[in-house]
Structures are given as structure tokens and as C-alpha cells.
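Shown next, in C-alpha cells, is the structure this report addresses.
The values are calculated or read from the model by the stated rules, or taken from the named source; none is laboratory data. Computed from a predicted model, the values in this text were never measured in an experiment. Ideal geometry is used to build each Cβ from the backbone, glycine not excepted, and the neighbour counts take in all protein chains shown. Ligands, DNA and RNA are stripped out before the accessible areas are found, and what is left, the full protein with its side chains, is counted by its heavy atoms. Shrake-Rupley method; radii C 1.70, N 1.55, O 1.52, S 1.80 Å.
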Amino acid sequence: MIEGITMSARVDAADRLIDADPEFATLNERAGGALGRPPANPQIAAMVRLSRRLQIPLARAVTIADMDVDLDCWVRVAPGEGETRLTISPMRERAAWRPVQPVMAVPPPAGADWTWDVDAGLRLQRLASEAAQRHGIDMAMALGQPLTRLFTLESDPHGALPLLEAVASVDDFADQPAVLTTSGDRVILAGHVRRDRGGAFAGFAGATFLCGAKPSASGAANAGMDGAFNHRLDRILRAPLGRIVANADSINAGIEGPIDPQYADYAADIASAGRHLMGLIDDLADIEAIERADFTAEAGTVDLADVVRRAAGLLAVRAADAGVTIDRAGLDQPQHVRGEFRRILQIMVNLIGNAVRYSPRDATIWLRLQRDGDHVFAIVADQGKGIAVEDHERVFAKFERVDTSEPGGSGLGLYIARRLARVMGGDLTVDSAPCEGARFVLSLPAV
């Protein structure tokens, strides 16, 4: 199966396939289906029944088993007069599920102040109890949660995240800068890769090395307050929401056994709402940091072209699902600016994500870079419905959205993005008019 090919089919009022294009017909036949019978994939068949019964369009992520591969697809179902139309957009092809293999034991790097283990999903499986007590970590809340709840990862001098690169290459890592979220202590992380008996990635045996660097005296009290506030958020909101999302995903996937398809769809909606709330919590934590009087961003040399390419790559699947093209022409030449890699990437992901969200199907988003004098400009232009001149400043205000009737975020993304841009010596502006799309321009000091 080739990724990127959109397949289609039609189902009659009795939920039986009337016709299908050759790709889907072949896929369906290999799964034991045929014309005149319901779709062979149980999740697709359930979506068809639910859409027809409720007379509403549905869209869900569905995994289709095809011989020795699993095909992750985005399936849209649209009910009509006497028939239901299916559109299946393959997103990723991967090796079929295989039984879990035992994980090979690996010792953590030597000389660490304290150690931990994470599984293949980077979820904390073990943590030194004495370290948890010393640093105010709630063991019951931490175990099973992503490692990034315990550590805020920072980019190295080259703008990379060694831990994530090690995941991609299935290798050991060292010299990963991070901040312990409960105390604000700066640390260095390292880890030996763990593999299962089949050689697949199974996590890390990790180590934490304390740097000893503390915030300045004026910022120490604020940092302590922020750490305590964020820790309370973790305990009160993040951890319960994480469990809600994980349980809803498990119900939707039928891990504990088959359930009524309608309840599986409800579970998917619950998981989606939970992720939206967790994104809001992250935004609020960002606001708490950037509104401090002593907030600063690291002043390093960053290739803005590389950051824009990475941000576009992170949103490529979402754009494909929305039927939107991201035009990245002219991003091959380096454009060096002064700023913090992680914060610039955060801004660009927000701008491109907004452009995807508000662009109509079959639209194009243009990403361009320009240098003018002592600044470099990153431009994100879309073909959405545009923004009235009188709303240009309002879109950057806290909790403001131009059209609250449209699905979207919390109204904090652009506020945070502009604050970050200005902290790094740049700015974020918009040029737009109704029915003419929007053009957001990030400027940063050139190097």
C-alpha cells in the first residue's frame, strides 16, 4: 500500500459496499470482504452504521490490518440519500503488531546522582526513591507518566535534543540539558538504550547528573513559586487528565475487549477533549513563565530556515488530513538569527498550525524567509477568510479569538508567540483583510 493515496467507496442503506475504487476494493478483499457485504474492517463498518443512524458526517483515525503491515488511516464517512460515502486517507504504513518481547536488562550510566527507567513510550517505570524524597517528587503520581512531566528538556548548543535523537536512532544518549520541574534544578540526562529480544526500542536506563546551577537570588523566589504552581497543576490537573485520555484511548481501541461502536466513538471524543484541556494547561504554564519580570530567552545562533522546515514537518500529517498543501520553496538556504531554538520552534508551530486550522480544503500555505537589514523575517501566508484590520491587534490579546463560533484553540497561542518574539528582540505582526487570507510575519535579529 502506498501512503498518500486517497481511497473511496460507497455503502448502501443496509451498510453493504456498493462499489469501491481498486485500491480499497483490493484492501477490503484481502481482509475477507467483498461487494455486497459490510466493510471488512470492524471500525469502518461501525462508523458507517453510526453515521447513517445519526445522519451526521464522522471522521476518525482507523488502523487497517493488511497482511504483514498495519495501515494507519484517516477515515471520513458522509451519509447521503440512500447511501453513505467513504474516504480513506492512508497516513502511515508500519510493521504489523507482534507479541511483546522480553526487554533486555541494561545498567544505567555510571556516576549518576540518581537513576530512572522509561519504557518505549518514554513513560517513567522506575525512579530512585531517595531522589524522589529529596526533590519533592510524588512517586505515585510520577510513575507511568511521560518523562517530560518530570524534566523540561532543553536544546543543546547545536539546537538539538539528544534524547529525542537517540529515540529516532535507537541509541545511547548523553549531555541532554534539562530542568527538574519540581525544584527548578538544572540537570544533565544520559541513558543507555534498552531493546527487546527482537531488537526493537524498549526505552532507556537513564541517569541524572545535577549541575549545581541555581537561579539568581532575585529570580529564585519566583522560580520556586512557579515550580510549586506547576507542580500543583501536575497533581491537580495534568495527571488526572492524562489518565482520562489514556483510558479513553484504551476504550476506543478495544484493548479490554470489544464494546458497542457508539461508545468507542464517545471515548474518542473524550480523549480529544482531554488533549485540548492539556494544551490549555500548557499554555497557562507558558503564560506564567513569560509574564515574569525576569523572564529571558537564551541568546544563541539559530538557523531560522531549519526551524521553519522542522515546524512544517511536525504539521505535515495534520495538513494532509485537512487537504492543505504547505509550500516550503526557498527554505534550503540557511538564515541565521539570534534567539532560542525551542522558543522559535514553538512560535512557528503555532503560526503554521493556525494556518492549517483556518485554511479551506485544497488551499495552500506559503512559508517564506526574507532578510532586510539587520532582521530576518519568517512569513506564513494562508488562504483563509482573513482578518479585518480593526482585529489585527486583538488577535494578539490574551484569550481573544476573532470568531468564537469556529473550532480553535484557547486564544493564548498568538499572545504567547508575540511575547516570545519580543523577548528575543523581534516581533510578530499580521497583514490581512477579509476574504484575502492572513500573512503572519515573525522578525528576529539577524546574525
Query raised in the report: Carbon and sulfur: what percent of the chain's accessible surface (1.4 Å probe)?
Result: 54
**Report entry** Cβ-derived FRET efficiency at R0 30 Å, ALA316 paired with ALA246, nearest 0.05
**Finding:** 0.70
Report task. Find the accessible area per residue for the chain; the probe is 1.4 Å, ligands and nucleic acids are left out, and the unit is Å². Result -> 50
Query raised in the report: Residue separation times 0.36 nm, minus the C-alpha to C-alpha distance between ALA168 and ALA34: what's the value?
Result: 44.3 nm
Query raised in the report: For the chain, which span is the longest to avoid every loop-located (per DSSP) member of chymotrypsin sites (Phe, Trp or Tyr not before Pro) having at most 11 other Cβ atoms inside 10 Å?
Result: 98-398
Query raised in the report: For the stretch 272-378, rounded, prolate or oblate, judged on the Cα gyration tensor with a ≥ b ≥ c (square roots of eigenvalues), a/c < 1.5 rounded, else prolate if a/b > b/c?
Result: oblate
Report summary line: Rounded to the nearest 0.05, FRET efficiency between CYS211 and ALA65 (Cβ-Cβ, R0 51 Å) equals 0.60
Query raised in the report: How many nm separate the modelled label positions at ALA110 and ARG197, each set 7 Å beyond the Cα in the direction of the Cβ?
Result: 3.0
Query raised in the report: Just ASN41, ASN252, ASN350 to compare: in a GNM of the chain, with alpha carbon springs under 10 Å, which one fluctuates most?
Result: ASN41
Report summary line: Expected unfolding gain across HIS158-GLU130 under the 0.36 nm per residue rule, minus the alpha-carbon gap, is 6.7 nm
Query raised in the report: Roughly how many nanometres apart are two label points built 7 Å out from the Cα toward the Cβ at ILE18 and GLU436?
Result: 4.5
Query raised in the report: Hey, with R₀ at 45 Å, roughly what FRET efficiency would GLU393 and ASP72 work out to, going by the Cβ-Cβ distance, to 0.05?
Result: 0.65
Query raised in the report: Along the principal axes of its C-alpha atoms, what lengths does the chain span, in descending order and rounded to whole Å?
Result: 74, 59, 40
Query - Equivalent ellipsoid semi-axes, the stretch 292-354, via Cα gyration tensor eigenvalues times 5, rooted, Å - result: 25, 16, 7
**Report entry** Listed residues GLY199, GLY279, GLY425, most fluctuating in the chain (Gaussian network, C-alpha, under 10 Å)
**Finding:** GLY199
Query - DSSP-defined beta bridges in the chain - what % are antiparallel, rounded to 5 - result: 95
Report summary line: Full extension between LEU143 and GLN262 adds, at 0.36 nm per residue less the Cα distance, a length in nm of 39.6 nm
